[in-house]
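Q: Got a structure for you, written out below as structure tokens; questions coming shortly.
The values are calculated or read from the model by the stated rules, or taken from the named source; none is laboratory data. Quick caveat, the model's predicted, so the values are computed rather than measured. Positions of Cβ are generated from backbone atoms using ideal geometry, with glycine treated the same way; all protein chains shown enter the neighbour counts. All accessible areas refer to the heavy atoms of the entire protein, side chains included, with ligands and DNA or RNA removed. Shrake-Rupley method; radii C 1.70, N 1.55, O 1.52, S 1.80 Å.
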Amino acid sequence: MKLSVLFQKVHMEWFHGDGQIDAAGLCYDSRTCKKGDVFFAIGGFQADGNAYIEDAVRRGAVAVVSENRNALERTASENSIPVILVKDVRRAMSAAAACYHGYPSNRMKVIGITGTNGKSSTAFFLKELLEDQGRRVGIIGTLGNYFENWEGQATHTTPESVEIHGILKEMADLGAEYCLMEVSSHALALYRVEDVSFHGSIFTNISQDHLDFHHTMEEYFIAKEKLFRYNQVYAVINTDDPYGRRIHEGLKKTSTRAIGFGMDIGGEFLLNIHQLTDQGGVFSLKSGMESIKISTNQVGAFNMYNLASAVLAGKMESLKIEGMMESAKRLQGIRGRMEKIQTAEGFGVIIDFAHTPDGLEKVLKTLRETSQGRIITVFGCGGDRDRQKRPVMGSIAVENSDFVIVTSDNPRGEDPSAIIGEIEEGMKKYMHKYTVSIDRKDAIGKALKMAKPEDLVLIAGKGHETLQIIGDKKLPFDERAIVKELLDSNETHKN
Ligand SMILES: CC(=O)N[C@H]1[C@@H](OP(=O)(O)OP(=O)(O)OC[C@H]2O[C@@H](n3ccc(=O)[nH]c3=O)[C@H](O)[C@@H]2O)O[C@H](CO)[C@@H](O)[C@@H]1O[C@H](C)C(=O)N[C@@H](C)C(=O)N[C@H](CCC(=O)O)C(=O)O
Ligand SMILES: Nc1ncnc2c1ncn2[C@@H]1O[C@H](COP(=O)(O)OP(=O)(O)OP(=O)(O)O)[C@@H](O)[C@H]1O
Ligand SMILES: N[C@H](CCC[C@H](N)C(=O)O)C(=O)O
Ligand SMILES: [Mg+2]
């Protein structure tokens with residue numbers, strides 16, 4: 001595609017070179033640049049992409065886009081290739097990516113799902129509801145990018161714009177009618193989805209997370225709210241959440257149809273949760289004379305919210321209510337979300353991705369309300385992520401469990417024992433109720449050893465993940481395999 005076409009919708013501050021040159025692709029990391037690519041030099045948080053222009057050109061980049069005039073002047077004089085000066089390189093990259101791939105989001109219905117917790121769960125529930133009624137659905141999210149038998153590699157919950165439009169094109173070419181896209185606050189703040197045209201969106205909730213990136217809850221909210229400012233047909237919103245109410249209110253001034261739901265009146269649908277057990281739950285959604293009653297095999301009040309929003313989005317997509325009622329009873333659920341392993345010894349093991357204070361609290365309360373035995377929790381917090389949530393999660397864990405084993409999650413570049421120290425800050429009043437075991441496998445082993453019939457061992461934080469990131473190493477770590485290995489080795493209940 002010619003540069004003049006690729007950048008037709010981008011406001012260029014300065015363009016130097018031949019606009020007729022063909023771009024064979026787009027790249028923003030010099031290390032992956034190929035012959036014929038346009039290189040976008042991003043001034044990042046860790047490094048400055050402008051320092052890698054030479055590397056990109058050496059690998060075959062035919063044009064460079066940047067916010068840095070000096071870097072571009074140097075490039076133009078040394079390499080005589082086209083250079084493009086823009087105000088915001090991420091925005092320019094997003095616009096070029098959509099153009100390069102032929103605006104694939106216009107070829108299907110993209111439904112964006114945002115919120116601190118419940119995005120993946122809601123996406124998978126909605127996928128099942130749609131697919132059971134014959135719709136062809138792709139997913140972009142934390143667990144990967146999928147469409148039927150096609151699977152794309154995922155590094156982020158919401159990929160960079162260049163990848164997003166590539167994935168959407170792939171899905172559209174294969175016949176996808178829908179893409180359910182988890183939209184993280186990072187993606188919204190960093191313009192990853194700026195040129196996606198959304199058909200609808202879902203808001204799950206906002207609670208404390210990512211304060212390393214957004215600094216304040218208000219900044220975090222403003223990033224999330226951006227999804228609802230895009231032009232779209234409808235937005236399903238949990239109006240029990242105060243941030244959800246603000247989004248709902250804001251939509252009144254737009255043409256987007258707001259579908260609020262919650263136990264508090266204020267939205268369009270009144271949610272009632274009638275039953276919650278360890279096998280599932282029953283809830284209803286009422287609006288005027290209309291009433292939808294759903295029984296599901298999914299566990300926990302929080303999952304009733306996730307499923308309620310999926311059902312309301314399904315309704316907006318004209319799915320048959322009876323069909324959704326049937327689907328809800330036998331949802332496959334998602335890997336690593338309240339995933340239960342019942343042991344021969346009579347206790348249960350729950351693997352769950354709770355990695356925020358709210359997620360952990362909701363899961364622990366659900367387990368408490370639906371079980372009789374003790375709850376033994378194994379958890380840690382990820383490194384190079386929000387530090388403020390660590391003591392909060394520590395106190396939630398210890399207050400809602402009978403015993404806690406604090407361990408490592410993905411320490412990444414941080415010292416694991418320092419992370420644990422910060423978690424313990426919130427546990428001081430309960431020294432008798434917890435211990436520390438830095439090695440996660442050892443911690444799981446200790447918990448399994450302690451468990452008696454009827455007890456539950458909650459292993460929280462890593463859910464579906466199959467790797468543990470320690471330093472710059474990614475080591476195999478599949479919790480279900482580890483639990484099985486420990487139980488099979490009989491190490492846990494020898495005496
Ligand atoms: C905070 C954040 O989102 N950072 C993203 C950002 O990184 P950055 O700006 O710091 O990049 P940098 O390392 O400073 O480098 C600047 C530029 O130089 C380039 N470079 C660098 C080295 C080199 O040799 N050559 C080169 O060209 C880099 O590719 C980059 O474009 O831009 C990068 C390129 O697009 C992203 O990979 C990176 O994601 C990092 C790895 C990350 O961990 N992000 C997480 C926090 C994230 O986005 N999470 C959300 C989910 C959160 C949730 O809801 O739970 C997600 O959507 O996944
Ligand atoms: N509606 C909810 N409210 C609070 N906690 C929830 C909710 N839904 C799920 N959780 C908890 O959060 C965990 C993660 O759920 P899920 O993967 O659906 O969230 P997510 O928003 O996709 O997370 P991520 O930001 O990591 O992609 C679950 O394992 C559960 O512990
Ligand atoms: N999407 C979340 C996932 C956290 C998962 C947890 N296991 C961790 O590594 O902190 C994040 O990137 O913050
Ligand atoms: Mg997710």
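Q: 5 Å is the cut-off here: which amide hydrogens, built 1.01 Å from N in the peptide plane, fall below it relative to residue 451, excluding neighbours closer than 5 in sequence?
A: Distant-sequence amide H within range of residue 451: zero hits.
Q: Once you put a point 7 Å from the Cα of residue 282 and another 7 Å from the Cα of residue 452, both along the Cβ direction, what distance in nm separates them?
A: Computed distance between label sites residue 282 and residue 452 equals 3.4 nm.
Q: Return the sequence-ordered ³J(HN,Hα) values of the range 56-72 in whole Hz as given by the Karplus equation 6.51 cos²θ - 1.76 cosθ + 1.60 applied to θ = phi - 60°, using x for Gly and Pro.
A: Along the range 56-72, the couplings run 5, 5, 4, 8, x, 4, 9, 7, 10, 10, 7, 9, 9, 4, 4, 4, 6 Hz.
Q: Between residue 474 and residue 432, what is the label-to-label distance in nm when each label sits 7 Å out along the Cα-to-Cβ direction?
A: 4.5
Q: May I ask you to list the residues of the range 162-185 whose amide nitrogen lies under 16 Å from a point 7 Å from Cα along the Cα→beta-carbon direction of residue 149?
A: It comes to 171, 174-176, nothing else.
Q: Counting only residues 5 or more places away or on other chains, whose amide H sits under 5 Å from the amide H of residue 263 once H atoms are built in the peptide plane?
A: 240, 271
Q: Which FRET efficiency value, to the nearest 0.05, is calculated for residue 273 and residue 87 with the Förster distance at 35 angstrom and r the Cβ-Cβ distance?
A: Numbers: r = 48 Å, r/R0 = 1.38.
Result of the calculation: an efficiency of 0.15.
Q: Based on the Kirkwood radius over alpha-carbon pairs, what value in µm²/s does the Stokes-Einstein equation return for the translational diffusion coefficient of the range 167-319 at 4 °C and 1.567 mPa s?
A: Working: Rh = 16.6 Å.
Estimated via Stokes-Einstein, D reaches 78 µm²/s.
Q: Taking a spot 7 Å from the Cα of residue 293 along the direction of its beta carbon, which residues of the range 313-354 have an amide N less than 15 Å from it?
A: From the range 313-354, the list is 322, 325-326, 329.
Q: Could you do me a favour and compute the accessible area per residue for the range 1-130, 1.4 Å probe, result in Å²? If you can, show how the numbers build up before the last one.
A: Numbers: 5640 Å² over 130 residues.
On a per-residue basis, the range 1-130 sits at 43 Å².
Q: Determine how large the accessible area of residue 142 is when every protein chain is in place; take a 1.4 Å probe and give Å² rounded to the nearest 10.
A: Ignoring ligands and nucleic acids, residue 142 comes out at about 40 Å².
Q: Gain in length, residue 340 to residue 388, computed as 0.36 nm per residue apart minus the alpha-carbon separation, to one decimal in nm?
A: Details: separation 48, 0.36 × 48 = 17.28 nm, distance 2.96 nm.
Extending this stretch completely gives an extra 14.3 nm.
Q: May I pose another question? How far is helix 440-450 tilted off the main Cα axis of the chain, in degrees rounded to 10, range 0 to 90?
A: 20
Q: Over the range 162-257, average the accessible area per residue using a 1.4 Å probe and give it in Å², no decimals. Mind dumping the intermediate values first?
A: Values: 3510 Å² over 96 residues.
It amounts to 37 Å² per residue over the range 162-257.
Q: Using +1 at the C-beta of Lys and Arg and -1 at the C-beta of Asp and Glu, which of 419, 471, 459 has the Cα lying farthest in the positive direction of the dipole of the range 404-495?
A: Highest projection toward the positive end goes to 459.
Q: So, one more: Could you give the distance between the Cα centres of the range 48-124 and the range 208-257, to the whole Å?
A: Result: 26 Å between the Cα centres.
Q: Mind ranking 330, 335, 440 by accessible surface for me, highest first, 1.4 Å probe?
A: Working: 330 150, 335 105, 440 5 Å².
Output order, biggest surface exposure first: 330, 335, 440.
Q: Karplus couplings for the range 109-117 from phi (6.51 cos²θ - 1.76 cosθ + 1.60, θ = phi - 60°), rounded to Hz, Gly and Pro as x?
A: Listing the rounded values in order: 9, 9, 10, x, 10, 10, x, 6, 10 Hz.
Q: Computed over the Cα atoms, what is the radius of gyration of the range 231-337 divided by 2.2 N^0.38 Å, N being its residue count?
A: On the way: Rg = 13.8 Å, N = 107, 2.2 N^0.38 = 13.0 Å.
Taking N as the residue count of the range 231-337, the ratio is 1.06.
Q: Could you check how much of the accessible area of the range 242-297 is carbon and sulfur, as a whole percent, using a 1.4 Å probe? The partial results should precede the final answer.
A: Values: 1580 of 3140 Å².
Ligands and nucleic acids excluded, carbon and sulfur reach 50 percent.
Q: Oh, and also: How much solvent-accessible surface does residue 155 expose, in Å² to the nearest 10, with a 1.4 Å probe and all protein chains in place?
A: Solvent-accessible area, nearest 10 Å²: 120 Å².
Q: Whose amide H sits under 5 Å from the amide H of residue 2, counting only residues 5 or more places off or on another chain, with H placed in the peptide plane?
A: Amide H neighbours of residue 2: 23.
Q: Ok, one more. Would you rank 165, 464 by solvent-accessible area, highest first, keeping every protein chain in place and using a 1.4 Å probe? Don't skip to the end; give the middle numbers.
A: Values: 165 0, 464 30 Å².
Listed by decreasing accessible area, they come as 464, 165.
Q: Given a cut-off of 34 Å, what percent of all Cα-Cα pairs of the chain lie beyond it?
A: Values: 50436 of 122265 pairs.
Within the chain, distances greater than 34 Å cover 41 percent of Cα pairs.
Q: What ³J(HN,Hα) values, in whole Hz, does the Karplus curve 6.51 cos²θ - 1.76 cosθ + 1.60 give for the range 251-265 when θ = phi - 60°, with x put for Gly and Pro?
A: So the Karplus estimates, Gly and Pro as x, are 6, 4, 8, 10, 8, 5, 7, 8, 10, x, 9, x, 6, 7, 5 Hz.
Q: Ignoring ligands, DNA and RNA, how do 432, 16 rank by accessible area with a 1.4 Å probe, largest first?
A: Details: 432 140, 16 85 Å².
Output order, biggest surface exposure first: 432, 16.
Q: Given 0.36 nm per residue, what is the gain on full extension from residue 318 to residue 257 after removing their alpha carbon distance, in nm?
A: Numbers: separation 61, 0.36 × 61 = 21.96 nm, distance 1.50 nm.
20.5 nm is the gain from fully extending residue 318 to residue 257.
Q: Just to verify a number: FRET efficiency for residue 466 and residue 4, C-beta to C-beta distance, R0 = 41 Å, to 0.05? Write down the numbers at each step before the final one.
A: Working: r = 45 Å, r/R0 = 1.10.
Efficiency, rounded to the nearest 0.05: 0.35.
Q: For helix 357-369, what angle does its Cα long axis make with the longest principal axis of the chain, in degrees from 0 to 90 and rounded to 10?
A: The angle comes out at about 30 degrees.
Q: With the Cα gyration tensor of the range 78-223 in hand, convert its eigenvalues to equivalent ellipsoid semi-axes via √(5λ) and list them largest first in whole Å. Please list the in-between numbers first.
A: Values: eigenvalues 130, 99, 27 Å².
For the range 78-223, the semi-axes come out at 26, 22, 12 Å.
Q: Quick check: the distance between the Cα centres of the range 350-409 and the range 281-318, to the nearest angstrom?
A: 27
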